[in-house]
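Below: the structure, in structure tokens.
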Amino acid sequence: MKFAIITHVSHIDETNQYFAYAPYVREMNIWFKYVDEVIVVAPLKNGESTAIDISYQHSKIDFRKVPDFNFISFRNTIISGFKLPIIFWKMFLTMKNADHIHLRCPGNVGLIGCFAQILFPHKTKTAKYAGNWDPKSNQPYTYKIQKWILSNTFLTRNMKVLVYGDWENQTKNIKPFFTATYAESEKEIIQKPDFSHSIEFIFVGSLVSGKNPMYAVKLVHELRSKKCKASLSVYGEGFERSQLEDYIKTNDLENYIVLHGNQNNETLKKAYQKSHFVILPSKSEGWPKAIAEGMFWGCVPIASKVSCIPFMLDYENRGILLEMNLDKDVNQIIEILNDETSFLSKSKLAIEWSQNYTTEIFEAQIKKLLTK
């Protein structure tokens with residue numbers, strides 16, 4: 001099978017090995033186990049791979065570079081207008097030569113892919129929509145276009161669209177899906193330390209406004225002001241790092257809030273294991289990987305009410321849903337800190353739920369999609 005991926009994810013070429021964001025590549029390497037050849041249509045950037053990048057694992061990869069583009073300014077929109085015919089033509093030729101077309105959405109490259117796939121109604125196709133599929137959510141116009149095309153069974157034929165969450169009134173090609181990080185063999189009996197010495201919080205994600213790391217920092221700051229022994233480990237990089245550093249320094253929080261930067265999967269795994277809570281006050285999500293990973297290791301999730309997060313937390317039976325009001329949210333957390341039995345119950349339920357989603361189960365589902 002010749003398998004074509006259309007994705008906005010930026011790649012790095014190091015001696016003909018293609019590196020990209022590790023969670024995405026780790027997933028694609030599972031798909032690759034069941035295909036003979038791979039064609040990747042994606043942006044390629046200069047530079048070296050980082051701690052959060054890994055390489056594709058396949059012997060036959062044909063990488064077809066497309067220019068990155070966006071519509072965030074008038075100037076960029078004009079420039080993108082000249083790039084689009086080139087991108088569309090490369091996609092058309094790739095899709096024509098492929099046995100299976102796989103789109104990664106939402107994203108600018110995925111948007112063009114949504115239009116291009118219409119020309120191949122008889123090809124077998126899948127799309128992974130990694131954003132928020134909630135029909136009621138407020139999203140960029142380009143995301144709405146992608147969702148509309150993918151849901152339209154007249155324009156989009158012979159395709160399974162994999163989405164996070166089980167939403168009402170969906171077309172027959174929409175399939176609830178998930179993402180997995182850990183294997184069955186990694187399951188352990190988790191024993192969380194009590195609250196007597198320290199209460200450990202962890203934030204994992206890009207340090208950008210959409211992930212809202214400042215809110216996590218302010219939550220822990222407020223907890224400390226109320227004499228809670230709270231500390232926060234922040235993993236990730238982004239534009240807001242300097243702002244976070246300034247806040248931490250200004251408020252003398254250096255001993256309690258630490259920015260660790262990007263770290264590999266093994267380092268994150270150890271951090272989750274010693275943490276009590278995983279925080280994600282994100283403004284938008286698909287399947288929040290950090291929440292699912294933290295829950296796997298017994299962290300009680302504290303997260304915003306977006307996308308499928310309320311379902312993941314079983315509407316607070318296995319976590320805390322943020323109101324995005326600092327006083328209210330601090331009080332919610334203090335309530336569980338004062339009731340360690342409640343914490344342990346939520347932690348146990350979090351483990352039981354998350355450990356249903358292993359890489360073995362994930363791989364079995366992918367195999368079904370590719371062998372039907």
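The values are calculated or read from the model by the stated rules, or taken from the named source; none is laboratory data. All values reported here derive from a predicted model rather than from experimental measurement. Heads up, the Cβs are rebuilt from the backbone with ideal geometry, glycines too, and the neighbour counts pull from every protein chain shown.
Quick look at the values:
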{"read-out": "Any hit, the stretch 142-159, residues being hydrophobic (A, V, I, L, M, F, W, C), free of Cβ contacts under 8 Å to residues at least 40 places away in the same chain and in contact with a strand residue (DSSP E or B) (Cβ under 6 Å, 6 or more places away or on another chain)", "value": "no"}
{"read-out": "Count of the stretch 172-207 residues which are assigned to a loop (DSSP other than H, G, I, E, B) and farther than 18 Å from Ala130 by Cα", "value": "16"}
{"read-out": "Tally, over the stretch 217-238, of residues that are under 18 Å from the mean Cα position of the chain (by Cα) and more than 12 Å from Val258 (Cα to Cα)", "value": "2"}
{"read-out": "Residue in the stretch 97-107 that is in the same structural domain as Met159 (by TED's automatic domain parsing) and at pLDDT below 95 present", "value": "yes"}
{"read-out": "In the stretch 146-191, residue nearest to Val25 (Cα to Cα) [restricted to those that are of a type outside the set (Ser, Thr, Tyr) and in contact with an Asp or Glu (Cβ under 9 Å, 6 or more places away or on another chain)]", "value": "Ala180"}
{"read-out": "Segments classed as strands (runs of 3 or more DSSP E), wholly inside the stretch 11-86, with at least 1 members that are within 27 Å of Ser206 (Cα to Cα) and of a type in the set (Ser, Thr, Tyr)", "value": "17-21, 53-55"}
{"read-out": "Some residue of the stretch 248-263 being in a strand (DSSP E or B), at positive phi and assigned by TED's automatic domain parsing to the domain that holds Cys299", "value": "yes"}
{"read-out": "Val278, sole failed condition from (1) under 24 Å from Lys226 (Cβ atoms); (2) touching a Gly at 6+ places or on another chain (Cβ under 7 Å); (3) part of a loop (DSSP other than H, G, I, E, B)", "value": "(3)"}
{"read-out": "Criterion: assigned to a loop (DSSP other than H, G, I, E, B), under 21 Å from Glu285 (Cα atoms) and among the aromatic types (Phe, Trp, Tyr) - qualifying residue of Trp148, Trp133", "value": "Trp133"}
{"read-out": "Listing of helices (runs of 4 or more DSSP H) fully contained in the stretch 306-372 that carry 1 or more residues being of a type in the set (Lys, Arg), assigned by TED's automatic domain parsing to the domain that holds Lys125 and touching a residue at least 40 places away in the same chain (Cβ under 8 Å)", "value": "359-371"}
{"read-out": "Verdict on Glu323 being over 25 Å from Ala130 (Cα atoms), surrounded by fewer than 19 Cβ atoms within 10 Å (Cβ to Cβ) and modelled with pLDDT of 95 or more", "value": "no"}
{"read-out": "Residue that is farthest from Asp62 (Cα to Cα), among those in the stretch 90-105 that are surrounded by fewer than 24 Cβ atoms within 10 Å (Cβ to Cβ) and either charged (D, E, K, R) or free of Cβ contacts under 8 Å to residues at least 60 places away in the same chain (or both)", "value": "Arg104"}
